[in-house]
1. Against the condition more than 24 Å from N19 (Cβ to Cβ) and either of a type in the set (D, E) or in contact with a strand residue (DSSP E or B) (Cβ under 7 Å, 6 or more places away or on another chain) (or both), how does G92 come out, does it pass?
2. Just to be sure I understand, how many residues within the range 60-75 are surrounded by fewer than 15 Cβ atoms within 10 Å (Cβ to Cβ) and either under 21 Å from W12 (Cβ atoms) or in contact (Cβ under 8 Å) with a residue 24 or more places away in the chain (or both)?
3. Could you check the range 58-72 and list, in sequence order, the residues that are out of contact with any helix residue (DSSP H, G or I) (no Cβ under 9 Å at 6 or more places or on another chain) and over 11 Å from L42 (Cα atoms)?
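None of the figures in this text is laboratory data; all of them are computed from the coordinates on show. Not measured: the values here are computed from a predicted model. As a convention, Cβ positions derive from the backbone with ideal geometry for all residues, glycine included, and neighbour counts pool all protein chains shown.
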Amino acid sequence: MPGECIVSVRRWVGAAGGNFGCCGAREGRLTAGLLEVSDGSLRPGDVVQYESYAFPNGYPWGVHTYMVLAVHDDGTHDIIESNVPFASGLVGIRKNQRLTPPPGFRAVVWRIAGQPDV
């Protein structure tokens, strides 16, 4: 169902002992102790969220959230995501991805505070 990608990420982060905040709002992530980092410094365990420029605390069509599993020297990364295709609820792994938010969105990278370098 819609929004399942963030629900899955919350479960995965929680299973690792972290907290991805509530309600989809940026402030919820900051108060949960997550750090926003530059997308050039991706590492395993980071969460990427495509955030709308016009509605940064909302969920317009195009918002997506996933977790980074591996980062490669060529700038690509492997991810785990949920709800692709849209509204399917399916969980899958995609390899060799790049940060490619849809038009009108930006990629925001979140890191659990205190996460060790891997």
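1. It is true that G92 is more than 24 Å from N19 (Cβ to Cβ) and either of a type in the set (D, E) or in contact with a strand residue (DSSP E or B) (Cβ under 7 Å, 6 or more places away or on another chain) (or both).
2. Quick first cut of the range 60-75, residues surrounded by fewer than 15 Cβ atoms within 10 Å (Cβ to Cβ) only: 60-62, 72-75.
Among the residues that remain, those that are also either under 21 Å from W12 (Cβ atoms) or in contact (Cβ under 8 Å) with a residue 24 or more places away in the chain (or both) are: 62, 72.
Number satisfying all stated conditions: 2.
3. G58, P60, W61, G62 - these are the residues of the range 58-72 that are out of contact with any helix residue (DSSP H, G or I) (no Cβ under 9 Å at 6 or more places or on another chain) and over 11 Å from L42 (Cα atoms).
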